[in-house]
Amino acid sequence: MADKFVTDFTELVGVRAAGDGQYKSISRPERMGNAANIAYGGCSVAVALSAAHDSVSPKYRLYSAMGNYLAPALNDRNFSASVRVVRDTTTFATRQVELSQKLDSGHARVVMLVCADFQVPEEATVLEYSLPPSLPNHSPGDLLTTEQNHQKLADQNLVHPSITKMHSIVFGLMGRHFETRPNPDGVFAQNVYGMAKNVKTTQDDRPLTSKVSGDWVRTHQTLKTHAENIVALSFLMDGALSFLPLSHSHRFFDDVGACSSLDFAFRLFSNDVNLRDWHRWECFEDGDLELWWEARKSGNSVGEVLKILTIAVACVFEEGTSSWRVIQGLDQGLKRFPPITYNIYFCSLSPSTASEPKMVDRTPTSLSIRSRNGETGTIPLLPPMTSFAEARNRIVEMDATARSALDISDIRITKYEPPSSATHLIVFGVCLWTYAMLGVSGCVRPGTFFYDDVLKYLPEGRETFDEAEEVRGAKGEWAVVEVDG
């Protein structure tokens, strides 16, 4: 069944009172960036803050919200929000919001906890300042829309049309409620938010923490109240931070086992936010930081060229988790299946050089493995992988191929169990002593204590050492013949 989308943003994230401190969401949350029936995290944050705003007087303004994502929210059922009053003073108000959903078992699962702090606005501002944007300043009117930018990338043969189409599906929720104009100097604008992983960007020479992406954003509809605008801003802020490190590293969701936000800190620097006006945001991997600025225009008429000034209105910090499935998984595969076989067979290395490998890169067509001596070998994958989900099976196949070619048994000794009983210790000691004596010429021969008084108690003890001496002597004679000849 096709998803039914809510067209009114205030209904998507709005709540209705359901008792003392209790609220129900008006609509079910929608998903974004997830193929499973899991709701977009921004829906959870927005509904929680809608409930918090409804529980305080309109004179207060949100200045800080911190929360933890406790469980995935499902997109086939509504939220329940329980709001606890922590403080109400002349100047401040604090609310704790517990957001939950009722599971099929009847149990209510808490999916998020949020602490929201409000303050009565100051009568005047003494000093206003903000960190300036780091990307070049473009007027939003001079930029392409997201759809136009995608079409441009496809026309230039930089991105396959299927990728841009997939982006419009996976991230369609954002486009239904917000208009975006990507900054062409940002990474997201050049690699379709990371979906075009192989596209080179103008920031490839930068370290990860110096790469930046950004857009100009505004709502399609007019939001009537201050609370609605702040809730919309909180909805936006969860849009990219969890997968930001992936998208800035030529990777995406298919490269990880899990990619989600763990917590957030949402700070507001302005008491007046109108998201129907253009706002600019930038995000970068420095603790997963997102900054928002409002556009302030200098000029007196619509026809005049306007200079866009930007003043910070909010920032967001997020902690996320990304399980690096492919590289870590292949590294684990290299440990599980004796890695020396790969490098000996596929890279034609000696056993000593091939040991202690480390996966450093992978593509659908090859694996790059660094050996103990620091050299990196490339192992081609034939045929190429159609998806990185095939990586583990390829490791198994490569191991079998290498073992067969090198005639190495698939029986592996993975653990040593030391002797644990008196009998085991005696046998171990005798074996150890025997090996030691066999390696030392002259220690065990007729006339010695061990030969005359010890070996007589061992079955065939003297005969064994006599045969060992004969074999050693024979080998010594052969060695002399080879050298002299």
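Report, in whole Å, the centroid distance computed from the Cα atoms of the stretch 12-49 and the stretch 417-432.
65 Å
GluC sites (Glu not before Pro), restricted to the stretch 98-206: which are DSSP loop and have at most 16 other Cβ atoms within 10 Å? Before the final figure, lay out the partial values.
Working: sites: E98, E122, E123, E128, E147, E179; in loops: E122, E123, E128.
Here the sparse-neighbourhood loop sites are E122, E123, E128.
Could you tell me the calculated FRET efficiency between A422 and D204, based on Cβ-Cβ distance and R0 = 60 angstrom, to the nearest 0.05?
In this case the efficiency is close to 0.35.
May I ask you to compute the full-extension gain from N274 to N393, defined as 0.36 nm times their residue separation minus their alpha-carbon distance, rounded to one decimal in nm?
So the chain would gain 37.6 nm between N274 and N393.
With a cut-off of at most 11 other beta carbons within 10 Å, and DSSP calling the residue loop, which trypsin sites (Lys or Arg not before Pro) in the stretch 42-128 qualify? Please list them.
For trypsin sites (Lys or Arg not before Pro) across the stretch 42-128 that sit outside H, G, I, E and B with at most 11 neighbouring Cβ atoms in 10 Å, the list reads K59.
How much FRET efficiency would the formula 1/(1 + (r/R0)^6) give for A36 and S130, where r is the Cβ-Cβ distance and R0 is 51 Å, rounded to 0.05?
0.85
How many nm is it between the label spots at D453 and K59, if each spot is 7 Å from the Cα in line with the beta carbon?
So the label points at D453 and K59 sit 10.4 nm apart.
Is there a pair in K24/K59; K24/K102; K165/K197; K211/K358; K152/K200 whose C-alpha atoms are over 19 Å apart, and which pairs would that be?
Table pairs above 19 Å Cα-Cα are K24/K59; K211/K358.
Readers should treat all values here as calculations from the given coordinates under stated rules, not as data from a laboratory. Keep in mind the model is a prediction, meaning the values are calculated, not measured. Every residue, glycine as well, gets a Cβ built from its backbone with ideal geometry; the counts of neighbours run over all protein chains shown.
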